[in-house]
1. Does B:ASN86 qualify as being closer than 20 Å to A:ALA240 by Cα and of a type in the set (S, T, N, Q)?
2. Identify all residues within segment B:182-199 that are more than 20 Å from A:MET98 (Cα to Cα), facing another protein chain (nearest Cβ under 8 Å) and within 23 Å of the chain's Cα centre (by Cα); write none if there are none.
3. Which of the residues belonging to segment A:468-490 are part of a loop (DSSP other than H, G, I, E, B) and of a type in the set (Gly, Ala, Ser)?
4. Any idea which residue in segment A:8-32 is nearest to the other protein chains (Cβ to nearest Cβ), counting only those that are surrounded by fewer than 24 Cβ atoms within 10 Å (Cβ to Cβ) and under 21 Å from A:ASP79 (Cβ atoms)?
5. When you look at A:ARG324, is it surrounded by fewer than 21 Cβ atoms within 10 Å (Cβ to Cβ), outside any strand (DSSP E or B) and within 14 Å of another protein chain (Cβ to nearest Cβ), yes or no?
6. With (1) surrounded by fewer than 22 Cβ atoms within 10 Å (Cβ to Cβ); (2) within 18 Å of the chain's Cα centre (by Cα); (3) of a type in the set (Gly, Ala, Ser) as the list, and B:SER30 as the residue in question, which single condition is left unmet?
7. Taking the conditions exactly as written (buried (at least 23 other Cβ atoms within 10 Å of the Cβ), farther than 27 Å from A:MET344 by Cα and modelled with pLDDT of 90 or more), does A:GLY286 satisfy them or not?
Amino acid sequence: MDTSMNIVIVGHVDHGKSTIIGRLLADTNSLPEGKLAAVREQCQRNSKPFEYAFLLDALKDEQAQGITIDSARCFFKTDTRSYLIMDAPGHIEFLKNMVTGAARAEAALLVIDGSEGVKENSRRHGYLLSMLGVRQLVVLVNKMDLIKYSQNAFRRIVKEYQQFLKKVDLSVKYFIPVSGFCGDNVVHASEKTPWYNGPSVLDALDSFVTELPKNDQPLRLPVQDVYKFTLNEDKRRIIAGSIDAGELEKGDTLVFYPSGKHSKIQSIEGYNQADKNRVRAGYATGVTLSEQIYVTRGEIGAKQGELPPLVGTKLKVNLFWLGRRPLEFERRYLFRLGTAKVGMRLESIDRVVDASSLENLTRQRVEKHQVAEVTIQLERAVACDLHEDMPETGRFVIVDDYEITGGGIVKAVLPYSSTISWEEGKVTYHDRCRQLGQQGLVIWLTGLSGAGKSTIAIEVEKELLRQNRYVYRLDGDNLRHGLNSDLGFSETDRNENIRRIGEVAALFSDAGAIVLVACISPYQSMRQFAREQAKEFLEVYVKADVATCAGRDPKGLYQKAIKGEILNFTGITAPYEEPDRPDIVIDTSELTVEQGVQLLLEKIRKTEWRSLQ
Amino acid sequence: MDHLEKLESRSIHIFREAYANFKQLGMLWSIGKDSTVLLWLAKKAFFGHVPFPLIHIDTSYKMKEMITYRDKLALDWKLDMIYGQNKVVLEKHATYPDGYGTRIQCCKQLKTEALKHTLDGTWPRYRLNHTTRHYEVEINPQPFTGVIVGVRADEEGSRSKERYFSPRDQNSDWTIAEQPPEFWNQYKTDFAPNTHVRIHPLLDWTEVNIWQYIEREDISVVSLYFDQGEGKRYRSLGCAPCTSPIDSQAKTVQEIVAELQMGKLAKVAERAGRAQDSEDGGGLEDLRREGYM
């Protein structure tokens, strides 16, 4: 039994979640002996009709009111794997319990009552699944027996719900018409829905994919504690924590953020386990370091040479509020991300959304059950990642008056203003990168005049700036007005032109900047020179043939060149050596500017995520 | 990473969160298999150490083997062992085995009340002195703010509704409708004065997982779980008068795992041999609301 999966079942109140699970357990013969009989007997004694839901709603309160108050867990097994199914309540008052169930799930079943259709919490739960990071979803249209197994009714609901999910960026694996009450399509395919050829609920469960540990990402080890237990003369000083992503190995240099302190891993510790040289994502572990640096709970350990986490005091976030008291300005809260805990205040509310109707609401406060985009100011710097890059270190909760009253995800870390503690000694490239939360990168766009190099570079620069990256653009044309104003267009001058731009770009990259260079740079050898100077280099071939470029001719240069008014014009009277092995080709005769920009942004992101070593 | 490794890692994570957040931390220890796995996981979490006291609620009706096992383990592993009990009721002989009241009332007195007052320090606590090897009354006992308990969600209905970190109010009461949310790996670790939090590292483990882990880690458990040749063994341990053994010839951990997975126990509830459960219509809900583990 090596595989197991956590599933949450959600949906509007009374749409029949518990009944479906009860049915699933009963029809797969997963109940303890006598349990079914006992519940039936209890119903008879209390003169209540038997319901499959009672199997789960074991608490008296729930049986009295007929609603699920909490997320009950039940265990169940198929030939494929074992499941822990969390039955989340559909009543709005118990949304925090639904969140609790869903935050632990790898996949979700969402139930919609076929006779009632899509309701407020069908949508709200969908929104929350998306925000909580549940990416695998199957929707069950329940109570088909009440609507005479109508295919049209089923289709209407599918269409309506799909439209909603599109807006919250969540896709559905299957829509299944079921009846928990009669058992249709729960475990066995039903004869009453001959128009439905898809899987049963049971088959759909088995089709979910287990999330794999994220070993190929940069290391993230939130420090839970530093232990120095002295009993039995134990001399070890152990940094303990669970690895959220990546892996660590004996001998690796760990850098802790936000402090920036670093040291080598001397040993990997454990109890009753064989000696280990390496630990991967998902494991709770502990290491000793070669130097006794002062590291505390709340820092995140990363590996030198890998992409560091971001560090900041001001975060743009999306959050979901559960507090009885609204999220307000002028009130202090506790912010917890990973193992870090710091005081925070709300700085601005950018947007408040009703999670069900997706309508924009007032911006004075965030009320219970609302979703909002806000900016928060922390009292101390924390290390984190953007949720889209690394969910584990990109999500947080807010505590108000001892209670967890909200949860959310980090969308951006705004410019860093607090002081960072530097080590003694010189400031290195890595120190700069650490402060910036990025690494130096030269993005070199080469191609004919009019191919679209500058246009793409300008758009990419804007977007990177929007993502709070430290970015600078060097344009070949513009540099000829200053730095290179003494140069002409002979091969020697062209080479000197590129040499200078290459050196300048390299300096910027050493400063930790992302540099966008847009210049024709016709010679392979000089582009190679530029690559060798830079910390990290992306050669981008912005491709369009001479005819296309001459057709565009934004500056009228081709016309002049053809007339002979300009000498040594690349593509007409001077050669252009196409890149042998560019890192990426953007063919602007095929792609729109926007597509080209997206392609490059994606490539930049992948490059940044690749470990440096 | 297999399923047991996942369970182990999550439990260790929870232990460390508890230790980092609760200054007055203790762990309930009932000598049974779950408690023993819990103790083992504590040693895993803290690299061979158990940096908080173990608390045993002694009803005085536990089987003799259990108490012997407790004290031997405590001395061998240098554990900080504490026990508490309801002296008043025991001295008055006002217990179910003495013919007084129901099983549930007896549980309430000997376990729930004893637990509540041992935890908050209002009744005497007895602490093992490793030099004299005897229990001594603890001077100036402080209330525990974090209490680690080895309950599992698959045991019975009300436990399936538990959180990993589950708050209790001033009277140790559990308010089921008002449980805190748990987002990802963020738990209820902030708490108001005079309240405490129950911490449940084993919540996601099933009975089979417990035995599989005992087998994998080669953990020693009290001999009552194995058939000693009479064709009977205990599946769940409680007070002698209210716990009966089951018919089984399982003599090893391996045989127990096989019996639970494929054998005749695959569909019989674990606590079937615990008489107090059947007296309470809602599982153990009434007891647990008032503080029972």
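The values are calculated or read from the model by the stated rules, or taken from the named source; none is laboratory data. As the structure is a prediction and not an experimental result, all values here were calculated from the model. Heads up, the Cβs are rebuilt from the backbone with ideal geometry, glycines too, and the neighbour counts pull from every protein chain shown.
1. Taking the combined requirement at face value, the residue does not satisfy it.
2. Selection gives B:PHE191 alone.
3. Result: A:GLY482, A:SER485, A:GLY488, A:SER490.
4. Filtering first and then ranking leaves A:PRO32.
5. Answer is yes for this residue.
6. So B:SER30 meets the others, but not (1).
7. yes
Yes/no matrix, rows are residues, columns are (1) touching a residue at least 60 places away in the same chain (Cβ under 8 Å); (2) over 21 Å from A:VAL8 (Cα atoms); (3) polar (S, T, N, Q); (4) assigned by TED's automatic domain parsing to the domain that holds A:GLU388:
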position	(1), (2), (3), (4)
A:TYR149	no, yes, no, no
A:ALA153	no, yes, no, no
A:VAL158	no, no, no, no
A:GLN163	no, yes, yes, no
A:PRO199	no, no, no, no
